[in-house]
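These notes concern the structure reproduced below.
The values are calculated or read from the model by the stated rules, or taken from the named source; none is laboratory data. Computed from a predicted structure; not experimentally measured. We place every Cβ from the backbone using ideal geometry, glycine too, and count neighbours over all the protein chains shown.
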Amino acid sequence: MSWCSRAERSELKNEIDGELKTRLEKYGIRIDDVSLVNIAFSPEFAKSIEAKQIAEQEAKKADYVAQKAIKEAEAEVNRAKGNAEAQRLQRETLTPALLQKQAIEKWDGQFPTVMTGEGSLPMINIAPNSISRSR
């Protein structure tokens, strides 16, 4: 597990370089460079860093889940608005003539074999005087 990024290590090295130069300069010791090799931390420190990273990931996941729920709710509202608008437009354009035309277009030419108690027929309004009789 890497406890810090390359940039953070570089920043740490610069801080250590500066601090050592400042402290040791008063004793006549001059430092040109410091190398940090095999840095080891206590297991507790490593565990705390890992716990922090896990907590950050869980927080990010919770944010993602919340944002996803918001987007899904917005999409559902938009779908409902679209359906309502479509229904409104259908109501405005729906007429008895259109319903009759759609019934005729769907009709397969067969009368129903089951009749209602009143013996009603399909919705076909044919004026008797519009039928030409040919024999």
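Table: residues versus (1) exposed (fewer than 10 other Cβ atoms within 10 Å of the Cβ); (2) within 30 Å of Asp17 (Cα to Cα).
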residue	(1), (2)
Ala46	no, yes
Lys52	no, yes
Glu56	no, no
Tyr64	no, no
Lys68	no, no
Arg79	no, no
Thr95	yes, no
### Task
Determine which member of the set Ala86, Ala80 is at pLDDT below 95 and within 28 Å of the chain's Cα centre (by Cα).
Ala86
### Query
Residues of the range 25-35 being closer than 20 Å to Glu11 by Cβ and surrounded by 11 or more Cβ atoms within 10 Å (Cβ to Cβ), which ones?
Ile31, Val34
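Mind checking which residues of the range 36-85 are assigned to a helix (DSSP H, G or I) and either among the β-branched types (Val, Ile, Thr) or in contact with a strand residue (DSSP E or B) (Cβ under 8 Å, 6 or more places away or on another chain) (or both)? Explain how you work it out, then say what you get.
Kept after step one, since they are assigned to a helix (DSSP H, G or I), are these residues of the range 36-85: 43-85.
Ile49, Ile54, Val65, Ile70, Val77, listed by residue number.
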### Query
When only residues in the range 17-35 that are of a type in the set (A, V, I, L, M) and in contact (Cβ under 8 Å) with a residue 12 or more places away in the chain count, which is farthest from Arg6 (Cα to Cα)?
Ile31
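Quick test for you: out of Lys81, Lys71, Lys60, pick the one residue that is within 30 Å of Lys13 (Cβ to Cβ) and not assigned by TED's automatic domain parsing to the domain that holds Leu12. Let's see the steps before the verdict.
On the way: Lys81 fails: within 30 Å of Lys13 (Cβ to Cβ); Lys71 fails: within 30 Å of Lys13 (Cβ to Cβ).
Being within 30 Å of Lys13 (Cβ to Cβ) and not assigned by TED's automatic domain parsing to the domain that holds Leu12 holds for just one of Lys81, Lys71, Lys60, which is Lys60.
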### Task
With respect to Thr22, determine if the residue is among the polar types (S, T, N, Q), at pLDDT 85 or above and surrounded by fewer than 10 Cβ atoms within 10 Å (Cβ to Cβ).
no
